[in-house]
Amino acid sequence: MAMRQYVVDAFTDRVFKGNPAAVCLPESWPSDELMANIAMENRFSETAFIVREPAGWHLRWFTPGGEIDLCGHATLASAYVVLRFVEPDTDVVRFRTMSGMLTVTRRHGESGTDRGTDVFTMDFPAFDLKPTPVTDAMEQALGARPIEAWLGRDLLCVMSDERTVRGLDPDQELLKDLPGLLSNVTAAGDADSGFDCVSRSFAPKLNVPEDPVCGSGHCHILPYWSKHLGKTSLIAYQASVRGGAIHATVGDGRVSLGGSAALFSVGTIMPD
């Protein structure tokens, strides 16, 4: 069963930045085994599969390590594909997912730095964070000791400063022994950076050493900083090698994540 595949860089307005995701549009659902194999073949942190069913669009996400329940950048990439190539005359797309109904809205950039650039805003659930003790195992795995630790779906470790986050070189095998699905590490942004927070996201349990710009990770990171800083509108920066910025609003158990996307390639998968 041949299927069209788009490779999209999310949370950026130019290729080779942000977080790349593959978006596959099969006419009907492939087997779980085939989707897992395609994700392993792609080796992106996420490969999204979207199928238009009678009730609307259905979206699933696969990492090289298996299916996952929520992914921000691959949702943004999927919305970019639908609204540019499949339904170009509309500016809203809704996806049925394992995390409920997710809505993505497109705004056409009309002025200033946004001119000519579409901005996509995603409405996501915020993860409920519970405090968890900082341990020697966290320090050994990350190479620096957090000042706080919190647990939702993922582990969230808070560092004392931005420089520590940027300089981390964690032990991927030791990270696998920490609680949570991903290990997100964050600190407040430097005063002159223009960002409220910086972060990095590591996912060796999913065969992804570092996720370049992690939307679902920011569903942990941003609620923490919203409460800590006492503000609902934030600008976050993911300090990976590729890097990427997220404009966000936090409130009522939801996180609104905004960013642009850039098309890298279009091709056809021939699994047979």
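The values are calculated or read from the model by the stated rules, or taken from the named source; none is laboratory data. Note that the coordinates shown come from a computational prediction; the quantities given were computed from them, not determined experimentally. Note that each Cβ is placed from the backbone with ideal geometry, even for glycine, and that neighbours are counted across all protein chains shown.
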Need a quick list: strands (runs of 3 or more DSSP E) entirely within region 41-152 having at least 1 residues that are closer than 26 Å to Arg242 by Cα. 47-53, 56-63, 66-68, 100-108, 118-125, 148-151
Conditions (1) within 18 Å of Ala48 (Cα to Cα); (2) touching a helix residue (DSSP H, G or I) at 6+ places or on another chain (Cβ under 8 Å) -> His218 fails only (1)
Against the conditions (1) under 18 Å from the mean Cα position of the chain (by Cα); (2) modelled with pLDDT of 95 or more; (3) outside any helix (DSSP H, G or I), where does Gly258 fall short? Just the number, please. (2)
Across region 1-22, which residue is surrounded by the most Cβ atoms within 10 Å (Cβ to Cβ) among those that are under 23 Å from the mean Cα position of the chain (by Cα) and part of a loop (DSSP other than H, G, I, E, B)? Phe11
Report, by residue number, each residue of region 63-81 that is closer than 17 Å to Met3 by Cβ and of a type in the set (Gly, Ala, Ser). Ala74, Ala77, Ser78
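Results for (1) touching a Leu at 6+ places or on another chain (Cβ under 6 Å); (2) assigned to a helix (DSSP H, G or I), shown as yes or no for each residue.
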| site | (1), (2) |
| --- | --- |
| Asn184 | yes, no |
| Ala187 | no, no |
| Val198 | no, no |
| Ile221 | no, yes |
| Lys227 | no, yes |
| Lys231 | no, no |
Tally time: how many residues in region 153-171 are part of a loop (DSSP other than H, G, I, E, B) and under 16 Å from Cys219 (Cβ atoms)? 2
Just to be sure, is Gly18 at positive phi, in contact with a Ser or Thr (Cβ under 6 Å, 6 or more places away or on another chain) and not polar (S, T, N, Q)? yes
Has region 209-219 got any residue that is among the small types (Gly, Ala, Ser), touching a Leu at 6+ places or on another chain (Cβ under 8 Å) and either surrounded by fewer than 24 Cβ atoms within 10 Å (Cβ to Cβ) or in a loop (DSSP other than H, G, I, E, B) (or both)? no
Across region 142-151, which residue is farthest from His218 (Cα to Cα) among those that are touching a Phe, Trp or Tyr at 6+ places or on another chain (Cβ under 9 Å) and crowded, with 21+ Cβ neighbours inside 10 Å? Leu142
Quick one: how many residues across region 229-239 are surrounded by 19 or more Cβ atoms within 10 Å (Cβ to Cβ) and farther than 10 Å from Val198 by Cα? 1
So, in region 233-249, of the ones that are among the hydroxyl-bearing types (Ser, Thr, Tyr) and assigned to a strand (DSSP E or B), which residue ends up nearest to Val165 (Cα to Cα)? Tyr237
Being over 20 Å from the mean Cα position of the chain (by Cα) and of a type in the set (Ser, Thr, Tyr), is that true of even one residue in region 23-35? yes
Regarding region 129-140, can at least one residue be identified that is β-branched (Val, Ile, Thr), under 25 Å from Ser78 (Cβ atoms) and more than 18 Å from the chain's Cα centre (by Cα)? no
State whether the residues of region 113-128 include one that is acidic (Asp, Glu), at pLDDT 95 or above and farther than 25 Å from Leu76 by Cβ. no
Give me the pairs: first residue in region 149-166 and of a type in the set (D, E, K, R), second residue in a helix (DSSP H, G or I), beta-carbon distance under 7 Å, and six or more apart or on different chains, which are they? Asp154/Gly217; Asp154/His220
Does region 70-82 contain any residue that is buried (at least 17 other Cβ atoms within 10 Å of the Cβ), at pLDDT 95 or above and over 26 Å from Met40 (Cα atoms)? no
